[in-house]
Amino acid sequence: MIKIGIIGLGYWGPNLVRNFSSTEGVEIKYLCDLDPKALSGWKKMHGVKLTGDYREILRDPEVDAVAIATPVSSHYALASSALSAGKHVLLEKPMASNVRECMELIESAERKNLVLQVDHTYIYTGAVRKIKELVAAGEIGDILYFDSVRVNLGLFQHDVNVVWDLAPHDLSIIDYIMDRRCVAVSGSGVANFGGGLENIAYATLYYESGAIAHLHVNWLSPVKVRRILIGGTKKMLVFDDLEPSDKLKIYDKGVDIKNGDKDGVYKALVQYRTGDMWAPKIDGAEALKYECAHFADCVKNSKRPATDGAMGLKVVALIEAINSSIASEGQKIYMEGNYI
Ligand SMILES: NC(=O)c1ccc[n+]([C@@H]2O[C@H](COP(=O)([O-])OP(=O)(O)OC[C@H]3O[C@@H](n4cnc5c(N)ncnc54)[C@H](O)[C@@H]3O)[C@@H](O)[C@H]2O)c1
């Protein structure tokens, strides 16, 4: 049995509690929150100790692992203490507040041979796993573009802007499926209500393969949209997470370009391809259920998680660069560092 403590029981933490409660081979030993009100709802959970002090969990030699679902600004301090105490860590996205903190956490986990998994939940959805499978099998061809719209009304965060809040989902998906180096980013955004935290942002990522990715994140949209388009040289796909069924659709559409040279004038002949559309069967199980089981497997069998510290670091590096570009009115920021 892997004994685990869950720290942070606000909006997201209870989802971890629910899923770890039914994860085979895992026993929740502690639930922790600074706020007694957040703890009070769990009093009846059998065999679980409630605490307001995470250090109590770290001192317990019986505890193997912790899951941390507190605000981003506290991720580094909590994860760093947990790793120092010899505990495996499942850490919420985004991994930490900056690249340096992410690197230190990765180093600490490696030094102590501990699992450090970042909760980039989307990677564990049936749809994203299917996209990865299709891309890896060459079905889509070379990826030409990735275009995401992730907008809704709220939840305005008090400590981070909309890029920190919503873009980690797309940045982790891109990292998972693209397997290509991002060379530069640019971004623009606005804080409509002052306070310096942008509530709407647009980001463009330029890849060494020539592919381009565009992200639109917004807390001030009257409708909720969660739609990703991916265009490949062979096929195109649409992932609409709000569709109750057929979330993923593959289109056998595209263009074939034939270069002609007529009377010495360069002329490109564009031929449009419009074939079938199909919606593959995807695993509809809750992503977090799959992710909690994956964490348990990694701890038990000393495996590297699909969403490891390296992915968490790349996502944070891209967020930092997008925010630098927003601050400099859209200036292109070139990505440096061999981790990107
Ligand atoms: N994976 C996802 O899809 C997803 C979705 C939502 C939120 N999140 C992430 O989850 C994290 C938490 O977000 P949230 O919306 O639940 O925030 P929240 O503010 O609703 O909850 C955070 C909780 O942590 C507690 N807390 C803070 N510091 C603590 C400490 N030192 N010890 C114990 N408890 C402490 C607070 O009292 C609060 O109850 C963030 O990193 C966020 O990005 C992830």
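A few remarks follow.
- Yes/no for V128 being in contact with a Gly (Cβ under 6 Å, 6 or more places away or on another chain), closer than 19 Å to E92 by Cα and within 15 Å of the ligand (Cβ to nearest atom): no
- Residues in region 249-270 include none that are under 18 Å from the mean Cα position of the chain (by Cα), surrounded by 12 or more Cβ atoms within 10 Å (Cβ to Cβ), at pLDDT 95 or above and not charged (D, E, K, R).
- Close pairs (6 angstrom Cβ cut-off, 6 or more residues apart or separate chains): in contact (Cβ under 8 Å) with a residue 40 or more places away in the chain in region 227-249, of a type in the set (D, E) and open to solvent by 50 Å² or more (accessible area, probe 1.4 Å) anywhere: L229/D147; T233/D142; K235/D252
- Pairs, first farther than 19 Å from V26 by Cβ in region 41-54, second part of a loop (DSSP other than H, G, I, E, B), C-beta under 7 Å, six or more apart: G52/D33; G52/L34
- Among the residues of region 1-14, those identified as near the ligand (Cβ under 8 Å from one of its atoms) and surrounded by 14 or more Cβ atoms within 10 Å (Cβ to Cβ) are I7, G8, L9, W12, G13.
- Positions within region 124-140 being closer than 20 Å to A167 by Cα and either out of contact with any Asp or Glu (no Cβ under 8 Å at 6 or more places or on another chain) or part of a loop (DSSP other than H, G, I, E, B) (or both), in sequence order: T125, V128, I131, K132
- Enumeration of residues in region 50-68 that are within 11 Å of the ligand (Cβ to nearest atom) and either among the β-branched types (V, I, T) or open to solvent by less than 20 Å² (accessible area, probe 1.4 Å) (or both): T51, I57, V66, A67, I68
- Search result, residues across region 141-197 that are part of a loop (DSSP other than H, G, I, E, B) and within 16 Å of the ligand (Cβ to nearest atom): G154, L155, F156, Q157, H158, D159, V160, N161, L197
- Considered as a group, the residues in region 82-105 that are part of a loop (DSSP other than H, G, I, E, B) and away from the ligand (no atom under 11 Å from the Cβ) include one that is surrounded by the most Cβ atoms within 10 Å (Cβ to Cβ), and that residue is K87.
- Residue match in region 290-300 (condition: open to solvent by less than 80 Å² (accessible area, probe 1.4 Å), within 30 Å of G86 (Cα to Cα) and without any contact (Cβ under 8 Å) to a residue 60 or more places away in the chain): yes
- Filter pass, R150 being in contact (Cβ under 8 Å) with a residue 40 or more places away in the chain, under 20 Å from Y124 (Cα atoms), open to solvent by 30 Å² or more (accessible area, probe 1.4 Å) and out of contact with any Cys (no Cβ under 8 Å at 6 or more places or on another chain): no
The values are calculated or read from the model by the stated rules, or taken from the named source; none is laboratory data. Because the structure is a prediction, the values reported are computed rather than measured. Reconstructed Cβ throughout: ideal geometry from the backbone, glycine too, with neighbour counts over all protein chains shown. Ligands, DNA and RNA are stripped out before the accessible areas are found, and what is left, the full protein with its side chains, is counted by its heavy atoms. Shrake-Rupley method; radii C 1.70, N 1.55, O 1.52, S 1.80 Å.
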